[in-house]
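Have a look at the structure below before the remarks.
The values are calculated or read from the model by the stated rules, or taken from the named source; none is laboratory data. Keep in mind that what you see is a predicted model, and the values were worked out from it rather than measured. We place every Cβ from the backbone using ideal geometry, glycine too, and count neighbours over all the protein chains shown. All accessible areas refer to the heavy atoms of the entire protein, side chains included, with ligands and DNA or RNA removed. Shrake-Rupley method; radii C 1.70, N 1.55, O 1.52, S 1.80 Å.
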Amino acid sequence: YQDTLISSATMNQLRAVNSAVHNRKVDDASTDLVYSGGWGTVAGANYANGTGHYSQGAASQVQYNFSGTGIKWYGVVGGDHGRADVFIDDKLDSTVDLYATNWAANTVVYAKRGLTNGPHTLKVVARADKNAASSNYYVQVDALEALGTGTSGETKLDDRASQISYS
């Protein structure tokens, strides 16, 4: 409108476009995640979309193919959680210790940025070890989120950047 206000219908459409472009969070129950080994499902209000997958078995793994410049793993931390290896494109990237004194679901337990924009594979593999303070070996997947899926990846330029020309 001329008075610089945006109609509620237009604002709702802009929110929907924003969500479609930026919300790349994939729930643990999605068929895009491929589980192998011993995984179970748990339900609860604290989990993303009400569910999570868990394993106590060494070598249990979940694999997810995504496109973008990064990835986030939303998991669970707690006093009975173990460790997991995280692979990006079949290369070990990190070992994540999921032990914490306070239990929390839907928590970013791993994040990787700076990948080349394109297709990648994330693999999370439960290990047979844990923090000495932990009482068990649980590894949980609550959701995964691809980052920087647009053509420009996660690049942000200042208006004075040399890559921008004005005419």
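Across segment 33-53, what is the number of residues that are among the hydrophobic types (A, V, I, L, M, F, W, C), closer than 19 Å to Leu122 by Cβ and in a strand (DSSP E or B)?
2
So in segment 81-92, with the set limited to residues that are part of a strand (DSSP E or B) and touching a strand residue (DSSP E or B) at 6+ places or on another chain (Cβ under 8 Å), which one is most open to solvent (accessible area, probe 1.4 Å)?
The residue in question is Leu92.
Each row is one residue, and each column tells you yes or no for (1) in contact with a helix residue (DSSP H, G or I) (Cβ under 7 Å, 6 or more places away or on another chain); (2) of a type in the set (A, V, I, L, M); (3) on the phi < 0 side of the Ramachandran plot.
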| site | (1), (2), (3) |
| --- | --- |
| Leu33 | no, yes, yes |
| Thr41 | no, no, yes |
| Gln56 | no, no, yes |
| Tyr64 | no, no, yes |
| Trp73 | no, no, yes |
| Thr95 | no, no, yes |
| Tyr110 | no, no, yes |
| Gly114 | no, no, no |
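Is it the case, given these coordinates, that Leu157 is of a type outside the set (Val, Ile, Thr) and modelled with pLDDT of 95 or more?
No.
Return the residues of segment 54-80 that are part of a strand (DSSP E or B), within 14 Å of Gly40 (Cβ to Cβ) and either open to solvent by less than 30 Å² (accessible area, probe 1.4 Å) or among the aliphatic types (A, V, I, L, M) (or both); say none if nothing qualifies.
Those that are part of a strand (DSSP E or B), within 14 Å of Gly40 (Cβ to Cβ) and either open to solvent by less than 30 Å² (accessible area, probe 1.4 Å) or among the aliphatic types (A, V, I, L, M) (or both): Ser55, Val62, Val76.
Return the residue satisfying two criteria in turn: it lies in segment 106-121 and is among the small types (Gly, Ala, Ser) and more than 13 Å from the chain's Cα centre (by Cα), and of such residues it is nearest to Gly79 (Cα to Cα).
Ranking the qualifying residues of segment 106-121, first place goes to Gly114.
Among the residues of segment 134-154, write down those that are surrounded by 15 or more Cβ atoms within 10 Å (Cβ to Cβ), at pLDDT 95 or above and not in a strand (DSSP E or B).
Across segment 134-154, the qualifying residues are Ser134, Tyr137.
Please find, among Thr95, Thr121, the residue that is open to solvent by 30 Å² or more (accessible area, probe 1.4 Å), in contact with a strand residue (DSSP E or B) (Cβ under 6 Å, 6 or more places away or on another chain), more than 18 Å from Arg24 (Cβ to Cβ) and of a type in the set (S, T, N, Q).
Of Thr95, Thr121, the one residue that is open to solvent by 30 Å² or more (accessible area, probe 1.4 Å), in contact with a strand residue (DSSP E or B) (Cβ under 6 Å, 6 or more places away or on another chain), more than 18 Å from Arg24 (Cβ to Cβ) and of a type in the set (S, T, N, Q) is Thr95.
Applying the selection to segment 98-110, what residues are outside any strand (DSSP E or B) and open to solvent by 40 Å² or more (accessible area, probe 1.4 Å)?
Kept after step one, since they are outside any strand (DSSP E or B), are these residues of segment 98-110: 98, 100-103.
Residues satisfying the conditions are Thr101, Asn102, Trp103.
Based on this model, can you work out whether Gly82 counts as of a type outside the set (Ser, Thr, Tyr), within 16 Å of Asn136 (Cβ to Cβ), touching a Phe, Trp or Tyr at 6+ places or on another chain (Cβ under 6 Å) and in contact (Cβ under 8 Å) with a residue 24 or more places away in the chain?
Yes: the conditions hold for Gly82.
Checking Ala45 against (1) open to solvent by 70 Å² or more (accessible area, probe 1.4 Å); (2) among the small types (Gly, Ala, Ser); (3) modelled with pLDDT under 90, which single condition isn't satisfied?
Failed condition: (3).
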